[in-house]
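Encoded as structure tokens, the structure appears first; notes follow it.
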Amino acid sequence: MNVALRPVHDSDLPVFPRQSNDPEALHRAAFTPEDPADRDRFAARWARIRSSPEIVVRTVPGDGDVVGHVSVHGGPGEREVTYRVDRAHWGKGVATAALRGLLAEVAERPLYARVAADNAASRRVLERCGFEVSARTTGYASARGAEIDELVLTLHG
């Protein structure tokens, strides 16, 4: 599957909260903003994301709609990838294709990713793109209201 990533447009922004606030997506992502439904915080966060030269963010389009987004953020040596895909498109290879597209655009390595240890689907996406588990830690997951196990994955040169 190929996904033609594109820059984020203003018209994409209303779709992202629907994808991110889906109860199952929140549970799987686990490490989310404290109140992901807060529209003012959402707008401020996306204004920062879109204006930062350190963040590469792309929309994942598909079937005439916005399917999700992928990004790389963080300082040198600490850059992390993140992605969100609408639940209607889970299990279809969209996240893997989108992440591969982003990795082709962003050449710097290493890159890191964090995933709830019980999120097998997201871990598979990362491993299919060449990431390897490099650490296991615990962290507070706002979406679950508890400390949970988290995996850190690394993509080397």
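Here are the numbers for this structure:
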quantity: Residue list for region 121-157, restricted to those being among the small types (G, A, S), touching a residue at least 24 places away in the same chain (Cβ under 8 Å) and touching a strand residue (DSSP E or B) at 6+ places or on another chain (Cβ under 8 Å); calculated: S122, G130, G139, A141
quantity: Among residues of region 116-133, those that are among the aliphatic types (A, V, I, L, M) and under 13 Å from L155 (Cα atoms), counted; calculated: 3
quantity: Enumeration of residues in region 142-157 that are of a type outside the set (S, T, Y) and surrounded by 13 or more Cβ atoms within 10 Å (Cβ to Cβ); calculated: A143, R144, I148, D149, E150, L151, V152, L153, L155
quantity: Region 111-127, subset surrounded by 18 or more Cβ atoms within 10 Å (Cβ to Cβ) and within 15 Å of A98 (Cβ to Cβ), residue farthest from the chain's Cα centre (by Cα); calculated: L111
quantity: Residues of region 88-120 satisfying the condition of being more than 21 Å from V66 (Cβ to Cβ), touching a residue at least 24 places away in the same chain (Cβ under 8 Å) and part of a loop (DSSP other than H, G, I, E, B); calculated: E108, R109, P110, A117, D118, N119
quantity: Condition check for E54: surrounded by fewer than 15 Cβ atoms within 10 Å (Cβ to Cβ) and touching a strand residue (DSSP E or B) at 6+ places or on another chain (Cβ under 7 Å); calculated: yes
quantity: Sole residue being exposed (fewer than 12 other Cβ atoms within 10 Å of the Cβ) and not in a helix (DSSP H, G or I), chosen from G139, G77, G130; calculated: G77
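To keep it simple, each residue is scored yes or no on (1) over 13 Å from the mean Cα position of the chain (by Cα); (2) hydrophobic (A, V, I, L, M, F, W, C); (3) more than 22 Å from R50 (Cβ to Cβ).
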site: G75; (1), (2), (3): yes, no, no
site: E80; (1), (2), (3): no, no, no
site: V85; (1), (2), (3): no, yes, no
site: A95; (1), (2), (3): no, yes, no
site: R109; (1), (2), (3): yes, no, yes
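Laboratory data are not the source of any read-out in this text; all were calculated from the coordinates shown. On a predicted model such as this, the values are computed, not experimentally measured, just so you know. Quick reminder, even Gly has a Cβ in these numbers, built from the backbone with ideal geometry, and neighbours come from all protein chains shown.
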